[in-house]
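What follows is a single structure, written as structure tokens, with notes after it.
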Amino acid sequence: MKKKVMVMVMAAAMAAAMTACGGSKSATADTTAAAADTTAADTAAESKADDTTAAADTSDKTWVIATDTAFKPFEYTDESGNFVGIDMDILKAIAEDQGFKYDVQVLGWDASIAACQAGQADGMIAGASITDERKNSGWIFSDGYYDANQSMAVAENSDITGFDDLKGKKVAVKTASMSADYAESIKDQYGFEITYFEDSPTMYQDVIQGNSVACVEDKPIIQDWIVSKGLALKTVDAMESDPAPYGFA
């Protein structure tokens, strides 16, 4: 960059000097054009060198990718003890296509966010909903790869049929999640309190045990848990948000 600036300064100085001394217009133009060509060549060379350096810096890098502990079917531990799910399949396919190495760190939702913020992880894939609020606060997302609603689930024998039935009661959410954002956006309107949990399974159990009358969760996640784990919960179709896309963050 210093060299490029110097060339430009020298070119301007030479043009000014020749004009002051009564030099011809063609000489000035030729000198300026030559300087511009030199500057363009230097810029191209610097750009190529920067690209080469960047490639060299990352070619052997193992990218650290953080994720949640249990967000089935996007990430979860199967019966054989393997950590699997849709997000893991997506990550594997992209890495194979793009030719990079990665190390998945199963940290939990909050810890994954903290790891990215602290520079301990390069990114996270954990069913993270793309929202303007998150982007405005500094999150950077890939394109969306799945649209999901936030839905309320209640105990299997609950008589709650709508938001109005929540007045004066407790609703469970997962800390710093899209479900928490959704519950917080409507809690004053419907008069309910919010209880926060670190993970989805604990949140579900709070509702099953009757401590909270409902929980808010991504609809495909809670429906999968109800079917695969036989949870004594049910979703209420009239109590869900508009869809939002998931993205790599």
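The values are calculated or read from the model by the stated rules, or taken from the named source; none is laboratory data. If you're wondering where the values come from, they're calculated on a predicted model, not measured in any experiment. Cβ placement follows ideal geometry from the backbone for every residue including glycine, while neighbour counts extend to all protein chains displayed. Side chains are part of the model used for accessible areas, which takes the heavy atoms of the whole protein and leaves out ligands, DNA and RNA. Shrake-Rupley method; radii C 1.70, N 1.55, O 1.52, S 1.80 Å.
For the stretch 184-249, the relative contact order comes to 16 percent (Cα pairs under 8 Å, sequence separation of at least 6). The amide H of ALA66, built 1.01 Å from its N in the peptide plane, has GLN105, ASP122, GLY123, MET124, ILE125 as neighbours under 5 Å, considering only residues 5 or more places off or on other chains.
Could you work out the relative contact order of the stretch 116-249, using alpha carbon pairs under 8 angstrom and six or more residues apart, expressed as a whole percent? Walk me through the intermediate numbers first.
Details: 236 pairs, mean separation 58.7, N = 134.
Once divided by the residue count of the stretch 116-249, the mean separation gives 44 percent.
In this structure the amide hydrogen of PHE71, modeled in the peptide plane, comes within under 5 Å of the amide hydrogens of TYR76, none closer than 5 places in sequence on its chain. Surface composition of the stretch 126-169: carbon and sulfur make up 42 percent of the accessible area, probe 1.4 Å. The phi torsions of the stretch 151-164, fed into the Karplus equation with coefficients 6.51, -1.76 and 1.60 and a -60° offset, translate into couplings of 10, 8, 10, 10, 4, 3, 9, 6, 9, 6, 10, x, 4, 4 Hz, rounded to whole numbers, with Gly and Pro shown as x.
Under the classification rounded if a/c is under 1.5, otherwise prolate if a/b is larger than b/c and oblate if not, where does the stretch 179-220 fall, given a ≥ b ≥ c as square roots of the Cα gyration tensor eigenvalues? Oblate, since a/c reaches 1.5 and b/c is not below a/b.
Accessible area per residue, 1.4 Å probe, Å², for the stretch 107-163: what's the number? Don't skip to the answer; put the middle values down first.
Details: 2850 Å² over 57 residues.
Here the residues of the stretch 107-163 average 50 Å² of exposed surface.
Couplings 3J(HN,Hα) of the stretch 99-104, computed from phi: x, 10, 9, 8, 10, 7 Hz, in residue order, whole Hz [Karplus 6.51 cos²θ - 1.76 cosθ + 1.60, θ = phi - 60°; x for Gly and Pro].
Accessible area per residue was computed with a 1.4 Å probe on protein heavy atoms; ILE226 scores about 40 Å².
On a per residue basis, the stretch 182-232 carries 47 Å² of accessible surface, using protein heavy atoms and a 1.4 Å probe. Here the Karplus curve 6.51 cos²θ - 1.76 cosθ + 1.60, taken at θ = phi - 60°, turns the phi angles of the stretch 70-79 into couplings of 8, 9, 5, x, 7, 7, 5, 9, 7, 5 Hz, with x standing for Gly and Pro.
Using equal-weight Cα scatterers in the Debye expression, the normalised intensity of the stretch 118-199 in log10 at q = 0.12, 0.19, 0.24, 0.26 Å⁻¹ is -0.46, -0.96, -1.28, -1.40.
Quick check: residue separation of SER185 and SER59 times 0.36 nm, minus the Cα distance between them. What number comes out in nm? The partial results should precede the final answer.
On the way: separation 126, 0.36 × 126 = 45.36 nm, distance 4.39 nm.
Computed gain between SER185 and SER59 is 41.0 nm.
Residues within the reach of a label modelled at THR195 (point 7 angstrom out along Cα to beta-carbon, backbone nitrogen below 17 Å), restricted to the stretch 204-231, are 204-217. Shape annotation for the stretch 99-249: C-alpha extents along the principal axes are 52, 32, 24 Å, from largest to smallest. For the set LYS72/LYS234; LYS135/LYS169; LYS72/LYS167; LYS187/LYS229; LYS101/LYS229, the pairs lying more than 27 angstrom apart at their alpha carbons are LYS135/LYS169; LYS72/LYS167; LYS187/LYS229; LYS101/LYS229.
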